[in-house]
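Q: Handing you a structure now.
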Amino acid sequence: MNGTVLRQLGRRLIVALPILAIVSALLFAVLRLLPVDPAAMSLPPTATVAEVEAKRAEMGLDRPLPQQYLIWLRNVAAGDFGTSIHFRRAVAGLIAETLPATIELAGLAMLIAAALGIAGGLYLFHVRGTAKEPLADLGSIVLLSIPEFLWGLFFILLFGVAVPLLPFTGRLAAGFQRPVHTGFLLIDTLIDGRLDMFRDALAHMALPALALGIAFSPAIMRVLRSSLIDVYHEEYIGQARLRGLSERRILVRHALKNAILPTLSLMGVQFGFLFGGTLLVEVIYSYPGLGNLMVDAVRNADLPIIQAVGLTYCVVVLLINTMVDTLYLVLDPRLRPR
Amino acid sequence: MSALPRWLRSGRVVAGLLIVVLVALAAVLAPLVAPNDPQEQHLVATLLPPAWSPGGDAAFPLGTDSLGRCVLSRLIYGARVAMTVAIFAALGAMLLGAVLAHVAGYCGGAVDWTIGRAVDVWMSFPPVILSLILMVGLGVGLGNVILAIVLVDWTRFCRVLRAEVMVTAGRDYVAAARLVGFSHWRIVTREILPATLPLIITLMSLEMGIAVVVEAILSFVGMSVSANQPAWGQMIADARLSIYDTPWNLVFPILAIFVTVLGFNLLGDGLRRTLDVRLSEGR
């Protein structure tokens, strides 16, 4: 069975490759619409026309667009994303520093979203047909109407300014020397056995992760509720009742096991959105991740970074979707090829 | 026996419509209802609190921002950008997505496959990232914001509608229309479209809310309309810098965005229930 799943994972990864190629070509084409000249920007303003032309040739900007794309693709495949015009550093290094921070934040946020989503879904299902239903339902629409960055700002006002409980800038308090092993701060602090620093890192992630988690939970709630309602129409629920099982046992052992599948597939899609949602939450919390890097790059028209970060977001989303698809296969034996 | 159509009797639809109409009125009548010029800077009166708190000035009911501009007036004028983007971006995304969905669902085969793969490619971009990259390429401006949102969000319509079109196209009455010898154009517009229209309307309403949020995100990072046009996201960005002095300045644009999006979502959810559409959940 494990072999089948691995083979499926491999097959799905191969399908994702052409998508990635098209995505990177699109990215490249869109950014070439830009009316700025990266060569002129990477030189001091006193540079002569001849110097700019030489730089253009050096950067390959004088060649036809498809050729430029192929050169870029070849370099990317070799791990070379070019040099940032603004920071004057290798883009690959900048991404390696910021990507773990964003993955860490998104992962914690997804845990919160899943926990809130499942709890809320069970509650919505529990109150179905009662007097509380319209109110609970309205509540879920209200929650659905608050995007992650509004939650982020609201939490800053509430827990940062009005009742200063939690920090809301950066990843770690100023006094700490950041350990560097994996780039994942929660893991690195544990490797060093620094529980005080672990707590501090967690406190810094709490508000942004909560903002993202709350914003992405209502969709999960609503899907879990409707798939639970679907599952309760199945015959085996009635049979379980006839066998005298308690309602709680029916819900947990029979219904939830099947209703969780569509919920899981939605969570995969949601994680893609959530990963994009980190962008603004990071900016709001000055959290040094991919999002802040991207917004800085956009403000400075730093093309190599924009291209590379855009591609990184896509790679992560494609990987997540592939993994969720495969996980689906592991959990639902009916989908497995025999 | 009420003369009202069924969808107008839903509390959600009425509440949603009320909010949306109110915001739209504020946008249209902005020059009449705004107490001040939204761009005029009163540098002697920066970061004033709302009029009801100590130190407030009755001339600026909701206070002033870091450049001494009237917050209430900017809020009202900001509704113009929000509503313009909501209407035109949702309309554009709907047209592009619905046309492709009907073509894919009706034709099937290679056409369906191609459009399906295009949706896959688009879906591998987080929407916020793609719209930001498009804005980098297109440059700031109201028209470009609308274009960027259309180019990002057509997939939301295409994905959901394609399935609906396929179900409808398989129905007996559509097969009958084919046998009678109607043209493909007539079948799609006269037989299939009436069945998919309720879903299109519902999705439109939800998309308007999404467009308001995306515009706010883009204007927050300075990649939406130009700086001389007040937008809610800009106001948030400005207020964030003086969060300890005037937290109110942050509260008002947040509320404006929330209420507007809630209006569109209530409208969409109410329409979904009354028009009885099988709408797949999700954002």
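Q: Is it the case that some residue within region A:128-146 is more than 14 Å from chain B (Cβ to nearest Cβ) and among the hydrophobic types (A, V, I, L, M, F, W, C)? I'd like the intermediate steps shown before the answer.
A: Just the residues of region A:128-146 that are more than 14 Å from chain B (Cβ to nearest Cβ), to begin with: A:128-132.
Next, from what is left, pick out any that are among the hydrophobic types (A, V, I, L, M, F, W, C): A:131.
Within region A:128-146, one or more residues are more than 14 Å from chain B (Cβ to nearest Cβ) and among the hydrophobic types (A, V, I, L, M, F, W, C).
Table: residues versus (1) without any contact (Cβ under 8 Å) to a residue 24 or more places away in the chain; (2) surrounded by 23 or more Cβ atoms within 10 Å (Cβ to Cβ); (3) of a type in the set (Asp, Glu).
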site	(1), (2), (3)
A:Arg243	yes, no, no
A:Asn258	no, no, no
A:Leu279	yes, yes, no
A:Ile284	no, yes, no
A:Tyr287	no, yes, no
A:Leu290	no, yes, no
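Q: Go through region B:259-272 and report how many residues are under 11 Å from B:Arg12 (Cβ atoms) and facing chain A (nearest Cβ under 10 Å). Break it down stepwise before answering.
A: Pass one, region B:259-272, residues under 11 Å from B:Arg12 (Cβ atoms): B:262-263, B:265-272.
In the following step, the residues that additionally are facing chain A (nearest Cβ under 10 Å) were identified as B:262-263, B:265-266, B:268-270.
Residues in region B:259-272 being under 11 Å from B:Arg12 (Cβ atoms) and facing chain A (nearest Cβ under 10 Å): 7 in total.
Q: In addition: Out of A:Ala78, A:Ala29, report the one residue that is within 14 Å of another protein chain (Cβ to nearest Cβ) and either surrounded by fewer than 18 Cβ atoms within 10 Å (Cβ to Cβ) or within 21 Å of A:Asn292 (Cα to Cα) (or both).
A: A:Ala29
Q: For region B:200-213, state whether one or more residues are among the small types (Gly, Ala, Ser), within 13 Å of chain A (Cβ to nearest Cβ), surrounded by fewer than 24 Cβ atoms within 10 Å (Cβ to Cβ) and closer than 24 Å to A:Phe273 by Cα. Let's see the steps before the verdict.
A: Step one: of region B:200-213, the residues among the small types (Gly, Ala, Ser) are B:205, B:209, B:211.
From what is left, the residues that are within 13 Å of chain A (Cβ to nearest Cβ) are B:205, B:209, B:211.
Next, from what is left, pick out any that are surrounded by fewer than 24 Cβ atoms within 10 Å (Cβ to Cβ): none.
For region B:200-213, residues among the small types (Gly, Ala, Ser), within 13 Å of chain A (Cβ to nearest Cβ), surrounded by fewer than 24 Cβ atoms within 10 Å (Cβ to Cβ) and closer than 24 Å to A:Phe273 by Cα: absent.
Q: Inside region A:238-286, can you point out the residues that are in a loop (DSSP other than H, G, I, E, B) and within 14 Å of chain B (Cβ to nearest Cβ)? Before the answer, list the steps.
A: First, pick out the residues of region A:238-286 that are in a loop (DSSP other than H, G, I, E, B): A:243-246, A:285-286.
Selection gives A:Tyr285, A:Ser286.
Q: Quick one: which residue in A:Glu104, A:Glu97 is under 26 Å from A:Ile260 (Cβ atoms) and among the acidic types (Asp, Glu)?
A: Values: A:Glu97 fails: under 26 Å from A:Ile260 (Cβ atoms).
Unique residue meeting the criteria: A:Glu104.
Q: Another one. Given (1) at pLDDT 90 or above; (2) within 23 Å of the chain's Cα centre (by Cα), where does A:Asp188 come up short, assuming only one miss?
A: (1)
Q: Across region B:105-122, what is the total count of residues that are in contact with a helix residue (DSSP H, G or I) (Cβ under 6 Å, 6 or more places away or on another chain), more than 7 Å from chain A (Cβ to nearest Cβ) and under 30 Å from A:Gly289 (Cα atoms)?
A: Matching residues across region B:105-122 total 2.
The values are calculated or read from the model by the stated rules, or taken from the named source; none is laboratory data. Keep in mind it's a predicted model, so treat the numbers as computed, not measured. Cβ: placed from backbone, ideal geometry, glycine included. Neighbour counts: every protein chain shown.
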